[in-house]
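Q: The structure under discussion is supplied below as structure tokens; questions concerning it will follow.
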Amino acid sequence: MPALFHGAWRLVLVQGMAAALCSGLLRQPYWWLPIHLLFLPAAIAMLTLHLPSWLYLSAVLLLALVFWGTVKGDVPLFLSSSAVADTVKAIVDQENAEVFADLGAGVGSVAVPLARQRSLVVDAWEYAPLPWLVTAWRCRKLSNTKVKRVSLWGCELGRYDVVFAFLSPAVMAELGEKVRNEMRPGSLFISSSFPVPEWEPESVVQIEDRRRTKLFCYRL
Ligand SMILES: C[S@@+](CC[C@H](N)C(=O)[O-])C[C@H]1O[C@@H](n2cnc3c(N)ncnc32)[C@H](O)[C@@H]1O
């Protein structure tokens, strides 16, 4: 039995290495390598724990509620630092902005600190159920803030003085089109980390946080 066990583990490791090798040869992004390498060993290790099946179902449901559209290629949740929120707040003050939107607000890392500035009207657009719920809860006492559980592609940008987005390179060209068509002349679009292709930013703000985030600021 132990010999069979060791043989099976060897096979599992060979499978992982072969999958990782294929992934490398097919030039998949580098972060796929550990996934291919560890997937089957992790699955087998979990089976040996004999965990109840509802635990797996709960984990899948939880992940689905957080990473709602990610399976079909939408932007996943990852959070801006407090340094980003502070910098966006300073830009909003400098602009004398009255109405602000966060497109894809996540758990409110940027929208909530800005909403605490009572003179500012804040719309936080977020369509993943759990992050939306967290932001809605955090803003429950802030009457200047609306937390909307809808897709950012359906929102109308004409009323905002400043729009903030931290999304992904995959959507920046399309988002740029939307911004150009809908935002008022003179208003400001801030994209965290990802520039709009072929647009010239008015300024790029370098933030000294862990990710060394850049804010690309575009004047309409
Ligand atoms: C990278 S996170 C940024 C979260 C937050 N703005 C921050 O800076 O911490 C992107 C967020 O956009 C949300 N999102 C992605 N596509 C969306 C869409 N079409 N409509 C609304 N929210 C979307 C995701 O669910 C995720 O919470």
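Q: Given a cut-off of 19 Å, what percent of all Cα-Cα pairs of region 2-50 lie beyond it?
A: Above the 19 Å cut-off, region 2-50 has 31 percent of its Cα pairs.
Q: With angles folded into 0 to 90 degrees, how steeply does helix 32-48 sit against the dominant principal axis of the chain? Use alpha carbons for both and round to 10.
A: Once rounded, the angle reads 60 degrees.
Q: May I ask you to list the lysines whose Cα is less than 17 Å away from that of LYS214, ignoring any residue fewer than eight positions away on the same chain?
A: Partners within reach: LYS89.
Q: Separate question: Once the Cβ-Cβ distance between ALA42 and TRP137 is put in as r, and R0 is 41 Å, what FRET efficiency do you end up with, to the nearest 0.05?
A: 0.80
Q: While we're looking at this one, here's another question. Out of the total accessible area of the chain (probe 1.4 Å, heavy atoms of protein only), what percent is carbon and sulfur?
A: With neighbouring chains kept in place, the figure for the chain is 66 percent.
Q: For region 82-219, what's the radius of gyration and Dmax over Cα atoms, in angstrom?
A: 13.7, 41
Q: Looking at the chain, send over the antiparallel percent of its DSSP beta bridges, to the nearest 5.
A: Given both bridge residues lie in the chain, the antiparallel proportion sits at roughly 35 percent.
Q: How much length is gained on full extension from ARG118 to ASN181, taking 0.36 nm per residue of separation minus their Cα-Cα distance?
A: The span from ARG118 to ASN181 would gain 19.8 nm if fully extended.
Q: Given the options MET172, PRO29, ALA97, identify the residue whose Cα lies farthest towards the positive end of the charge dipole of the chain (+1 on Cβ of Lys, Arg; -1 on Cβ of Asp, Glu).
A: Result: PRO29.
Q: While we're here: To the nearest 20 debye, what is the magnitude of the charge dipole of the chain about its Cα centre, counting +1 on the Cβ of each Lys and Arg and -1 on the Cβ of each Asp and Glu?
A: 620
Q: Debye sum, Cα scatterers, region 1-138, no solvent: what log₁₀ I/I(0) at q = 0.15, 0.18, 0.21 1/Å?
A: Cα-only, vacuum Debye calculation for region 1-138: -0.89, -1.04, -1.19.
Q: Could you calculate the FRET efficiency of VAL71 with ASP93 from 1/(1 + (r/R0)^6), where r is the beta carbon distance between them and R0 is 41 Å, rounded to 0.05?
A: After rounding, the FRET efficiency stands at 0.60.
Q: Below 8 Å, C-alpha to C-alpha, sequence gap of six or more: please give me the relative contact order for the chain in percent.
A: 14
Q: What number, rounded to the nearest 500 deg cm²/dmol, is the helix-based mean residue ellipticity at 222 nm of the chain, given -39500 (n - 2.57) per DSSP H run of at least four residues and division by all its residues?
A: Rounded to the nearest 500, it is -13500 deg cm²/dmol.
The values are calculated or read from the model by the stated rules, or taken from the named source; none is laboratory data. None of the values given here were measured: they were computed from a predicted structure. For neighbour counting, all protein chains shown are included, and Cβ atoms are generated from backbone atoms with ideal geometry for every residue, glycine included. For the accessible areas, the whole protein counts, side chains as well, though only heavy atoms, and no ligand, DNA or RNA atoms are used. Shrake-Rupley method; radii C 1.70, N 1.55, O 1.52, S 1.80 Å.
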